[in-house]
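This report concerns only the one structure given below.
The values are calculated or read from the model by the stated rules, or taken from the named source; none is laboratory data. Keep in mind the model is a prediction, meaning the values are calculated, not measured. Methodologically, a virtual Cβ is constructed for each residue, glycine included, from the backbone with ideal geometry; neighbour enumeration extends over all protein chains shown. The protein model used for the area step is the full one, side chains on, heavy atoms only, and it has no ligands, DNA or RNA in it. Shrake-Rupley method; radii C 1.70, N 1.55, O 1.52, S 1.80 Å.
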Amino acid sequence: MKARALRAQLMRASLLTTAAALLLSAGLMLGYEYFSFRGERERDLRAQAELVARAVVPALLFSDAKSAELHLGSLRAKPGVRRAVVYDMTGSRFAAFKADGGSPEETPSPLPWNAAATRHAGSTLELVYPVDHDGERVGMVYLMAQHDIAARIANYAAILSGVVLAGLALAWIVFGRLQRVVTDPLSAVTRVAQQVMDQRDWRLRAPVVTSSEEIQVLVDSFNGMLTEMEAAQAQLLAADRKKDVFLATLAHELRNPLAPMTNAVHMLQRPTLAPAMREKSHDILARQLRHVVRLIDDLLDVSRVATGKLTLQPEQVDMTAIVKAAVELIEPVARDRRLLLKAHLPQVPCPVLGDSARLQQVFSNLLTNACRYTPADGRIDVTLEVVGEQVSVSVSDTGIGIEPSMQQAVFELFEQVDKRLERGNTGLGIGLTLARQLVLLHGGTLSLTSEGAGRGSRFTVTLPRVAEAALVAGPGDPVTPSSAGSAGLSLLIADDNIDFALSMQAILELQGYEVQVVNDGELALKTCLTARKDVAILDIGMPGLNGYDVAARLRDAPGRPRVLIAASGWGRLEDKAKAQAAGFDHHLTKPFEFDQLIALLETVQTPLGTTARPDAIFP
Amino acid sequence: MRPLRADSLGWGIAMIAAALLSLGRPAAGQVASDAQVKAAYLHKFPGFVEWPADSFATPGAPILIGVLDAEAVYDELSRQVSGRMVKGRSVEIRRVHDAASLPTVHVLYIGSEAHRDAAAVLAQVSNRPVLTVTNTKAGLAPGAVLNLVEIGGRIRVEASLPAAANNRLKLSSRLLGVASRVVEATP
């Protein structure tokens, strides 16, 4: 409807323009014709008058009115001339002529008889012309002619109106055709746009035109936008589906460890439980908890990588040590699943520049994956090699393998080869994504080769090797905890989560530490200032005074604890930086392994000056 | 209705010219006297007549008009021709009293008073390039080239081609066109 209105408007505008132009030119032509015709008639009549004037000179001189009338009579042959009069010098009528036969005497002449003059009145032209002889005026000639100027102008007007009408018709046809070139594609686009909006069907397209460049660009852009919308919607739908699957998987994954944990708790509640069973229950609880924590850590890491917030703390590390540690970690799992795990490590060190914790995470993920997708009695091989300037670690298994079509997709977030939920311990489809992202952050590559379903798979990590000469005894050497002498330290735990504080207290006291617990910031500050504690483990979000404030106020206080450790649920880099700025020596992200804390505590025993790298945890 | 197209300058010039011209002639509305009309005719005839080349001593020699026995015409003519040029020549008037001794003139007017002697006078100038003009009811019979007659209250001209040829004169066809009578040459 809109296009039709547009078309009508365009048509009206073009016709109006054409009509105006045609009428203007017609008017000008009429005007020109009118004046040129009149001028021509006047010239004609003047020539006539000149002839008559020359002819009647002797008649005037010698008073021969008859011959003058004869001369005037010859004007009868001139169709336009109606009347003619010759005046002598006294101003009296000397001779006269009237074309239509009436009496010449009654010819009126309002013109002055004694001077040359011309008068146009409608289609009448009057003219007075002098008769001279030898430089003397001897009389005047008066001529009156009728001409057909009105008829002529009428003819012209008729012709011109015909031309105007024909021009308008032509313009109508031409503009109509031109317009269709413009308005048809426009209305097609409008129609399609309306349909798209009504039906939400992004597959519709406007017909492609080749008539005009702009219209073509418009239609192409419109179609391009539809294509993009279609793709974007498909992507949204796919992402939405993926998210749904992920949520289902996540729920399943998070609930998975809960069942054994619930069982273990049940078992532990029995007062008559045999020590062996008690031990087993503890193991179950510890393992499942670790699993949940790792799951959530992975998720957080993936989101950090995605938002660009994950940064590495690169240092020179030995790949051999990292791979060895990862293998040792996974060994119990492999054993449980009756898998043969073999590590092939070179005797030479393989130094790379990297974040040891992150690299260990990579191999841990790869190995976990291998264990997960390899049936019992399978085999897993870990091979570390130096290839040129690269360090290459491959993890190959005899597991379910991966179809070639899926080999790229497994690195996508939440993608899994086997999405059946009933499959036990499936994982979230995070591990490989995170592993690849971490390797990429290290400037390396993670590639996958598999000969197909059921034929095992092989993941290979390559990282740039650090030149031999640059290799120094790095700070990456693991701190060897000396279990001697750390006991007996006086600790303060400040946390408003009473359960957390009390469980920590119990564990630490079991390790031989002397532990005091407070539940708010004010009390923590007071205790630190008065009770001479060796180490204070402070929560950040506490009522009264938060952990940062406590640390800041303790900064130069006499008798303050030697070491301040922040224990917080917030583990982002800026959180750690804030903690360091507030005066904390260490930062632990809850939940943390007790081993981690104990390792820290054991470093406190040594004199402060040589306390191993307080920046091992701070960036 | 369109106003008169009259260029104001041309208008003015025309008015002044008309005023000047009217000095030498009767003002409009006045009835011209007989002598006035005859005098006007006499000095206008040379414009329609061709003389043989030898009849003028020099190219710029004046046209001489002799007036015999017509004092009124002589006076009128003297007034009218002063300062007038005909065919690039000035016009001079001679009063002729003695028909026996005619001066050399180009135009000879024989007044009606001399009418009895007209034939004799005409005979004297026969074969000489003289435009003879008479004013007689007898017409051209005495032998003049032109004769003035009054017809219907107006003075008209009669012309004789044989007489003109005899005097080696050529009369303009325009003059013949307004003549009331033309005597053709007898074959």
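Let a ≥ b ≥ c be the square roots of the eigenvalues of the Cα gyration tensor of region A:325-364; is it rounded (a/c under 1.5), or, if not, prolate (a/b larger than b/c) or oblate? Write out the running numbers ahead of the final one.
Values: a/c = 4.00, a/b = 1.61, b/c = 2.49.
It comes out oblate by the Cα gyration axes.
Across peptide A:89-99, how many C-beta atoms of other chains are within 10 Å of each residue C-beta, on average? Don't jump to the answer; show the numbers that get you there.
On the way: counts 8, 9, 3, 2, 0, 0, 0, 0, 0, 0, 0.
The shielding value for this peptide is 2.
Would you tell me the mean number of C-beta atoms belonging to other protein chains that fall within 10 Å of each C-beta in A:64-70, as a whole number?
3
Taking chain A as the reference, fit the longest principal axis to its C-alpha atoms, fit the long axis of helix A:2-55 to the helix C-alpha atoms, and give the angle between the two in degrees, 0 to 90, nearest 10.
20
For peptide A:115-121, compute the average count of partner chain beta-carbon atoms within 10 Å of each residue's beta-carbon.
Taking all residues of A:115-121 together, the mean is 6.
Read phi for every residue in region A:507-517 and hand back ³J(HN,Hα) as whole Hz from Karplus 6.51 cos²θ - 1.76 cosθ + 1.60, θ = phi - 60°, with x for Gly and Pro.
5, 5, 5, 4, 7, x, 8, 9, 10, 10, 10
Which whole-Hz ³J(HN,Hα) couplings does region A:544-559 yield from phi under the Karplus relation 6.51 cos²θ - 1.76 cosθ + 1.60, θ = phi - 60°, glycine and proline marked x?
Running phi through 6.51 cos²θ - 1.76 cosθ + 1.60 with θ = phi - 60° gives x, 9, 7, x, 4, 5, 4, 4, 5, 6, 7, 3, 10, 6, x, x Hz.
I'd like to check one number: the per residue accessible area of region A:135-260, probe 1.4 Å, reported in Å² as a whole number.
60
Got a sec? Charge dipole of chain A, +1 on Cβ for Lys and Arg, -1 for Asp and Glu; which of A:Gly27, A:Leu384, A:Tyr156 is way out at the positive end?
Towards the positive end, the residue furthest out is A:Tyr156.
Please list, in chain and number order, the residues 5+ apart from A:Ile380 or on another chain whose amide H is under 5 Å from its amide H, with Hs placed from the backbone.
A:Leu340, A:Leu341, A:Lys342
Please list, in order along region A:323-329, the HN-Hα scalar couplings obtained from phi with the Karplus expression 6.51 cos²θ - 1.76 cosθ + 1.60 (θ = phi - 60°), rounded to whole Hz, x for Gly and Pro.
Calculated HN-Hα couplings, in order: 5, 4, 4, 5, 5, 4, 5 Hz.
May I ask you to find the residues of region B:157-187 that are shielded by at least 30 Å² of accessible area once the whole protein assembly is considered instead of their isolated chain (probe 1.4 Å)?
Relative to the lone chain, where solvent access is computed with a 1.4 Å probe, region B:157-187 loses at least 30 Å² at B:Arg174, B:Val178.
5 Å is the cut-off here: which amide hydrogens, built 1.01 Å from N in the peptide plane, fall below it relative to A:Gly139, excluding neighbours closer than 5 in sequence?
So A:Gly139 has HN proximity to A:Val131.
What's the carbon and sulfur percent of chain A's accessible surface, probe 1.4 angstrom, rounded to a whole number? Working shown, then result.
Working: 18750 of 32350 Å².
Using a 1.4 Å probe with all protein chains present, chain A comes out at 58 percent carbon and sulfur.
Hull surface divided by four, with the convex hull built on the Cα atoms of the protein assembly as shown: how many nm²? Provide the component values of the computation, followed by the final result.
Details: hull surface 312.7 nm².
Value for the protein assembly as shown: 78.2 nm².
Going through the cross-link list B:Lys38/B:Lys137; A:Lys66/B:Lys44; A:Lys78/A:Lys98; B:Lys137/B:Lys170; A:Lys243/A:Lys590, which pairs have a Cα-Cα distance over 21 Å in this structure?
Table pairs above 21 Å Cα-Cα are B:Lys137/B:Lys170; A:Lys243/A:Lys590.
Interface size between chain B and chain A, please: total buried accessible area, 1.4 Å probe, rounded to the nearest 100 Å².
Using a 1.4 Å probe on protein heavy atoms, the buried area is about 2600 Å².
Going by amide H atoms built from the backbone, whose H comes under 5 Å of the H on A:Leu545, apart from near neighbours?
Placed amide hydrogens put A:Gly521, A:Glu522 under 5 Å from A:Leu545.
With only Lys, Arg, Asp and Glu charged, each at its Cβ (+1 for the first two, -1 for the last two), find how big the charge dipole of the protein assembly as shown is about the Cα centre; round to the nearest 20 debye. Intermediate values should be presented prior to the final figure.
Numbers: 84 positive and 84 negative charges, 696 e Å.
So the magnitude is around 3340 debye.
If you roll a 1.4 Å probe over region B:28-168 with all protein chains in place, what percent of the accessible area is carbon or sulfur?
52
With all distinct Cα pairs included, what does the Kirkwood hydrodynamic radius of region A:142-193 come out to in Å, to one decimal, could you say?
By the Kirkwood definition, the hydrodynamic radius is 14.8 Å.
Rounded, prolate or oblate for region A:495-546? Axes are the square roots of the Cα gyration tensor eigenvalues, ordered a ≥ b ≥ c, and the cut-off for rounded is a/c under 1.5. Can you show the working numbers first?
Values: a/c = 2.64, a/b = 1.28, b/c = 2.06.
The shape class here is oblate.
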